[in-house]
1. Can you tell me which residues in region 39-49 are assigned to a loop (DSSP other than H, G, I, E, B) and buried (at least 20 other Cβ atoms within 10 Å of the Cβ)?
2. Within region 256-274, count every residue that is farther than 21 Å from residue 23 by Cα and not β-branched (Val, Ile, Thr).
3. Anything in region 1-52 that is over 30 Å from residue 92 (Cα atoms), modelled with pLDDT of 80 or more and out of contact with any helix residue (DSSP H, G or I) (no Cβ under 8 Å at 6 or more places or on another chain)? List them, or say none.
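The values are calculated or read from the model by the stated rules, or taken from the named source; none is laboratory data. On a predicted model such as this, the values are computed, not experimentally measured, just so you know. With ideal geometry, Cβ positions are generated from the backbone for all residues, glycine too; neighbour counts draw on all protein chains shown.
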Amino acid sequence: MRWLLLTLAIITNLAFADRIKDLTNVAGVRSNQLIGYGLVVGLNGTGDGGDVPFTGQSLRSVLSRLGVNVDGVISDFDVAGVQATSIAADNVAAVMVTADLPPFAKPGQNIDVNVSTIGAAESLRGGTLILTRLRGVDGEVYALAQGPLTSTGVEVNGAGDEIVIGVPTAGRIPNGASVERMVESPFNRSRHIVLNVRTGDFTTAKEIVDKVNTVFGEETAKAIDGVSIAIRAPEDPNSRVSFLSLIENLDVNPGEPAAKVVINSRTGTVVISRNVRVTAAAVTHGPITVTVAATNEVSQANPFADQGQTMAIQNAEVGISEPNNKMFLFKPGIDLKEIVDAVNQTGATPSSLIAILEALKASGSLRAELVVI
């Protein structure tokens, strides 16, 4: 019997355990955002045309670097409104190119890029991005992007009607950029590996420290604060990777999250965490309904009246009704299930539920953080 109870206790603990890799991030091991400005060519008349001046300037600059001498205005029409004899730009679009540079990315590896119009282009479907430099926040070039776009958006016009499916002014190039420079990481140089808990919690940080020290020995891990944990790591990079692999697969029991009620006022979505408690409170909720019924009638004069006139008369009946909703009582310390059951018994709509929760918070009965997004 004792072994059965011990086995059940172990199974129960494992059922609520999470891996350290799912709870933390390694400090310094993160992606970096890249951005660049470029041109998409080969569009079927859906480009910027002459409405965006910097598109023509950019196209002239690109052609000049390629040894092509371009004179005049690069657009459909010149300043005087006369048809221009130079290159039209209705098949070219100015775009912003963005990408995420993964941690430890090496030169020669490929990453995905996103392309979005910044001018008057109507669609990027069928276009090709020409060579574009992608820079980091320090201004250095970390990748070069080029290639045909994949755009799932479609826009169709005809006889004054328009149908748009998806977003035709944005596209993506899988593996469209080649990494040219790597970002230095302190992973191999620092004496300690620092783990940052994704949701700052002192209990979770303590559980991770205790677990690591239990498996690898005392003083291996130390909590810096409620978010960061410093772990003494081997000097050899190969051993450091293996060591971190063992640590991130350890199971720990994280601390219970703080009690929160999250309300999205735009969609009427309400999410209540299971730690929410309510003190003693009596609640009733019932909206007042006002109805107005109008009846239109025609009043005619008597057949032999000398000065009678036919007139339209509108009769209105106004009524006010208020449902007889009973109050429901919250007992001290009730849990999430009882809260939901009590509210459901009143038939409250999402908007009514939001009003009830806000009133409970205002009265001090809701023991949770109320977050409205």
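1. 43, 46, 47, 48, 49
2. Adding up the residues that qualify gives 4.
3. Of region 1-52, the ones over 30 Å from residue 92 (Cα atoms) are 1-31.
Subset that is modelled with pLDDT of 80 or more: 18-31.
Those that are over 30 Å from residue 92 (Cα atoms), modelled with pLDDT of 80 or more and out of contact with any helix residue (DSSP H, G or I) (no Cβ under 8 Å at 6 or more places or on another chain): 18, 22, 25, 27, 28, 29, 30, 31.
One line per residue, one yes/no per condition, for (1) out of contact with any helix residue (DSSP H, G or I) (no Cβ under 7 Å at 6 or more places or on another chain); (2) at pLDDT 80 or above; (3) more than 23 Å from residue 187 (Cα to Cα):
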position: 209; (1), (2), (3): yes, yes, no
position: 217; (1), (2), (3): yes, yes, no
position: 236; (1), (2), (3): yes, yes, no
position: 244; (1), (2), (3): yes, yes, no
position: 261; (1), (2), (3): no, yes, yes
position: 279; (1), (2), (3): yes, no, yes
position: 290; (1), (2), (3): yes, no, yes
